[in-house]
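The values are calculated or read from the model by the stated rules, or taken from the named source; none is laboratory data. In this text, all values refer to a predicted model and were calculated from it rather than measured experimentally. A quick note on method: Cβ atoms are made from the backbone with ideal geometry, for glycine too, and the neighbour counts reach across all protein chains shown. Keep in mind that these areas ignore ligands, DNA and RNA; they rest on the heavy atoms of the full protein, side chains included. Shrake-Rupley method; radii C 1.70, N 1.55, O 1.52, S 1.80 Å.
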Amino acid sequence: PSDTDAKATQVGLYLQDQVEIGALMLTAGARYDFARTTIDDNIGGARSSISDQALTGRFGALYRFDNGVAPYASVATSFEPVTTAPASGEANFDPSEGLQFEAGVKWADPAGRFMLTASAFQIVQTNVITYDATWTPVQTGEIETWGVELEARAQLTDALAVIGSYSFIDQEVTATDTASALGKMPARVPSHQASVWAKYAFDAGVDVGGGLRYVGESWGDAANSFKVGDVLLVDASIGYDLGKLSPDLAGARVQVNATNLFDEDYTASCASLYACFAGSGRAVKATLSYAW
């Protein structure tokens, strides 16, 4: 029914400043974006384009107490051009915009071996693309998001480091042309996600790592009529400092990372009963890096 090519070009100019006043740290930034989206309708043979520009910014404050506790708060706005082609095939969708509030607290011990972070946030996203009963994209959506994130980092010994994290997300569609989706949670968004990763470094220059990633259940359609099951995945890595072989190779490192190590077969998410997406299978990546 449609065949389009979309090209997005975006240029941003930004300015940021960070100020420390005793134990108080302030960060402020502003960004101005120029964006242009061009859509070629390969069936109708027409080309259309739309230009957008916007000013976004962010501001944050953090206070560091002597005991290592550091509460913080921030507010930020966002701007993202939409490359989805409407039913007409012409580029006329407005950019999607967002407003985020976040507050949290961080703690680190004086030696820097342990660090804890807890945060809560709220995001309102407007001009969201939704799809009607005929799977036609319309720009009538608004989504509110509330969430909590927890993270812990620990250098348990000189050789063993551990990282753990957990996040909870609750979303609600607050504006849409699809009556069955109003007040529901968008599809493809897991409410719970967690991970843990451990890495051990041997004296010989070899380090090995392994971890678990948990992705919780998500709704499979906009009406929240069925759920996609959760999954637990295993990742691993092994690396070697080539400087252990020769002083001439100091700074060189080789590493192999594997995600979904046991090639678990699972459904990552569904947008509807007839639009589900297979989870990524095992992926192995080797890298060679040099630092100086």
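A compact table of results
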| quantity | calculated |
| --- | --- |
| Residue count, the range 159-194 (criterion: open to solvent by less than 30 Å² (accessible area, probe 1.4 Å) and in contact with a Pro (Cβ under 8 Å, 6 or more places away or on another chain)) | 1 |
| Wholly within the range 227-291, strands (runs of 3 or more DSSP E) carrying at least 1 residues that are out of contact with any Ser or Thr (no Cβ under 6 Å at 6 or more places or on another chain) and basic (Lys, Arg) | 283-290 |
| Count of the range 134-149 residues which are out of contact with any Gly (no Cβ under 9 Å at 6 or more places or on another chain) and either of a type in the set (D, E, K, R) or in contact (Cβ under 8 Å) with a residue 60 or more places away in the chain (or both) | 2 |
| Some residue of the range 150-158 being small (Gly, Ala, Ser), open to solvent by less than 70 Å² (accessible area, probe 1.4 Å) and in contact with a Gly (Cβ under 8 Å, 6 or more places away or on another chain) | yes |
| Positions within the range 133-169 being among the charged types (D, E, K, R) and within 22 Å of Glu80 (Cβ to Cβ), in sequence order | Glu142, Glu144, Glu149 |
| Wholly within the range 6-83, strands (runs of 3 or more DSSP E) carrying at least 3 residues that are over 26 Å from the mean Cα position of the chain (by Cα) and either within 30 Å of Trp107 (Cβ to Cβ) or touching a residue at least 24 places away in the same chain (Cβ under 8 Å) (or both) | 24-41, 46-63 |
| One residue from Val189, Val196, Val228 being under 30 Å from Ala286 (Cβ atoms) and of a type in the set (A, V, I, L, M, F, W, C) | Val196 |
| The range 231-264: number of residues that are open to solvent by less than 40 Å² (accessible area, probe 1.4 Å) and acidic (Asp, Glu) | 1 |
| The range 195-209 residues that are open to solvent by 50 Å² or more (accessible area, probe 1.4 Å), paired with ones that are modelled with pLDDT of 95 or more and of a type in the set (Ser, Thr, Tyr) (beta carbon under 6 Å, 6 or more apart) | Val208/Tyr200 |
| Any hit, the range 79-86, residues being small (Gly, Ala, Ser), closer than 30 Å to Asp158 by Cα, at pLDDT below 95 and open to solvent by less than 70 Å² (accessible area, probe 1.4 Å) | no |
